[in-house]
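In what follows, a single structure is set out as structure tokens and then discussed.
The values are calculated or read from the model by the stated rules, or taken from the named source; none is laboratory data. These figures come from a predicted structure and were not determined experimentally. Every residue, glycine among them, receives a Cβ derived from its backbone with ideal geometry; neighbour counts consider all protein chains shown. The protein model used for the area step is the full one, side chains on, heavy atoms only, and it has no ligands, DNA or RNA in it. Shrake-Rupley method; radii C 1.70, N 1.55, O 1.52, S 1.80 Å.
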Amino acid sequence: MTTLQSVPALGTRPASGSTVSSFKAVGRAETREQLSKATYDLLVIGGGILGISTAWHAAQSGLRVALVDAGDFAGATSSASSKLLHGGLRYLQTGAVKLVAENHFERRAVSRQVAPHLANPLTFYLPVYKGGPHGAAKLGAGVFAYSALSAFGDGVGHLLSPAKASADVPELRTDNLKAVAVYGDDQMNDARMALMTVRAAVEAGAVVLNHAEVTGLRFTKGRVTGADLKDRMDGEEFGVDARLVLNATGPWVDHLRKMEDPASAPSIRLSKGAHLVLKRTAPWKAALATPIDKYRITFALPWEDMLLLGTTDEEFEGDPADVRVTEADTAQILDEAAFSIRDQQLSRDLITYSFAGLRVLPGGPGDTSKAKRETVVTEGRGGMLSVAGGKWTTFRHIGRTVMKKLEQLPGHPLGNDFEPISELPGKMPLPGIANPRAVAHRLMVDGSSSGPRMTADTAKHLATHYGSLSFDIARLAVEDPALAERVHPDAPEIWAQVAYARDHEWAETADDVLRRRTTLTIRGLATDEIRAKVEDLLGEKN
């Protein structure tokens with residue numbers, strides 16, 4: 001069991017080795033110089049969670065690692081998920097018992113030992129309606145088996161009366177409701193989890209740069225040995241040399257493979273998942289997972305004090321950059337949510353934001369909703385490795401899988417220059433690991449003695465998005481009272497988070513801050529005035 005870090009007072013100096021430190025993101029010009037002058041063991045192209053996790057594990061193994069992305073870290077699919085760490089209840093229907101058990105193992109490791117400050121346990125209610133695709137007995141047995149595969153770590157899956165369920169979820173539709181099956185999983189803020197994994201990779205020695213687009217690959221005697229890049233922030237062109245290149249570009253994986261080999265055949269297909277974010281009309285104590293048909297479930301998740309609805313699952317063709325939530329997506333999500341949610345909670349006036357991401361699936365025929373979320377690692381004609389697929393819950397496992405693939409390649413340019421993944425600590429924690437309740441309490445207590453008292457909602461928000469790193473943000477607010485003010489009166493964020501994102505979390509654009517480092521955009525509060533002020537603060541970057 002990982003020991004959680006102690007919680008220092010704001011006026012005290014952090015203990016040696018604490019993640020509450022003077023960590024600072026290196027400037028872009030300096031980073032480009034580092035990338036240009038060295039030869040790296042591994043260049044990871046793609047800053048989604050698969051690339052980030054691999055960079056983290058590779059740096060921990062002793063490799064010299066570079067990580068680049070054409071956009072922001074977790075700027076596409078990795079910040080457009082359903083925000084769940086879950087075992088995959090629907091996989092039981094296909095008999096994938098081992099897969100569910102493995103997913104549960106990873107889920108528990110992340111939520112309890114790797115990032116307990118970033119993941120939250122969540123109770124799910126699975127309503128059983130008259131005429132629905134599944135009966136109460138079947139779902140009751142299913143959630144019991146699901147909890148058993150999790151070693152009953154989230155309680156015992158069971159059936160609940162409609163009256164008790166409607167007390168916990170006041171907007172639950174009770175007409176023709178026969179029973180409610182109960183099980184447990186976890187949820188997170190995916191963008192925050194990804195950023196903390198980037199920081200873990202950097203603390204292990206990786207050099208990272210976002211908003212850096214690959215314009216071409218470098219070859220030596222037919223092998224891919226690096227990439228040419230263009231900094232999208234200022235147009236500067238530079239290159240990175242590496243002994244091995246990993247293509248972890250998600251929906252763009254085949255685009256990069258064609259840079260390596262123009263004759264390469266498509267290796268993946270894409271499935272679009274759209275979501276809606278709504279204001280809640282009442283507090284929810286549980287999430288809803290409502291069966292739509294034999295295979296699909298629609299979720300209604302209390303998340304960031306809002307309600308997250310989704311998701312769709314349809315094959316997507318075209319430029320991944322063009323993925324959008326359409327009117328048809330919105331109508332489908334609301335219609336499917338109406339199976340179990342009362343109309344007043346589904347008013348379009350309550351929608352604050354919508355987003356869509358692309359699942360990367362192995363190529364082949366069939367319905368995307370029935371396809372396995374497999375991770376595929378392949379080696380191309382020029383020696384470039386490509387990784388695609390997988391799911392958020394198993395991001396650590398995917399990083400280890402790629403590293404094992406490197407170990408198994410005989411005569412590979414990396415040789416034996418890195419520590420075998422099997423010899424690394426099994427459950428390396430992410431930065432800021434701490435008990436979020438203790439952090440929130442400390443923030444409020446210390447705030448009353450060293451400056452304006454921090455409100456309970458801001459303290460909770462910081463504690464559950466930064467862990468013990470919250471104290472770095474609180475110190476900024478103490479030193480500059482203007483940074484202690486809320487960005488918007490209806491959101492818990494304070495301006496110190498914007499300054500922190502600029503100096504410590506590689507934020508370059510207003511969207512980097514408002515969409516992925518804070519929750520202002522998803523709350524529908526990213527006004528033109530706030531956006532302009534964020535851009536002004538970003539312009540003050542040293």
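Quick look at the numbers
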quantity	calculated
Selected residue [outside any loop (DSSP other than H, G, I, E, B), at pLDDT 95 or above and surrounded by fewer than 19 Cβ atoms within 10 Å (Cβ to Cβ)] from T215, T197	T215
Candidate set: segment 238-254, residues that are closer than 22 Å to E407 by Cβ and more than 22 Å from the chain's Cα centre (by Cα); chosen: the one most open to solvent (accessible area, probe 1.4 Å)	R243
Selection within segment 312-336 - within 18 Å of L89 (Cβ to Cβ) and out of contact with any Asp or Glu (no Cβ under 9 Å at 6 or more places or on another chain)	E336
Output for segment 152-188, where each listed residue is open to solvent by 50 Å² or more (accessible area, probe 1.4 Å), closer than 21 Å to K130 by Cβ and charged (D, E, K, R)	K164, R173, D175, K178
R269, sole failed condition from (1) modelled with pLDDT of 95 or more; (2) under 24 Å from S53 (Cα atoms)	(1)
Every residue from segment 466-499 that is touching a Leu at 6+ places or on another chain (Cβ under 8 Å), over 21 Å from D528 (Cα atoms) and of a type outside the set (A, V, I, L, M, F, W, C)	G467, S470, R475
Any hit, segment 291-298, residues being crowded, with 22+ Cβ neighbours inside 10 Å, in contact (Cβ under 8 Å) with a residue 60 or more places away in the chain and of a type in the set (A, V, I, L, M, F, W, C)	no
Verdict on L63 being modelled with pLDDT under 95 and closer than 30 Å to A287 by Cβ	no
Leading residue by the ranking (nearest to G432 (Cα to Cα)) among those in segment 516-542 that are crowded, with 22+ Cβ neighbours inside 10 Å and basic (K, R)	R517
Whichever residue in segment 75-118 is of a type in the set (A, V, I, L, M) and part of a loop (DSSP other than H, G, I, E, B) and, among such residues, is nearest to W252 (Cα to Cα)	A76
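So that you can scan it fast, the table gives a plain yes or no per residue for (1) among the aliphatic types (A, V, I, L, M); (2) out of contact with any Gly (no Cβ under 6 Å at 6 or more places or on another chain); (3) at pLDDT 85 or above:
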residue: T12; (1), (2), (3): no, yes, no
residue: K24; (1), (2), (3): no, yes, no
residue: E30; (1), (2), (3): no, yes, yes
residue: A59; (1), (2), (3): yes, no, yes
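To keep it simple, each residue is scored yes or no on (1) under 27 Å from E304 (Cβ atoms); (2) of a type outside the set (A, V, I, L, M, F, W, C).
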position	(1), (2)
V182	yes, no
E203	yes, yes
E213	no, yes
G216	no, yes
F219	no, no
E236	no, yes
S271	yes, yes
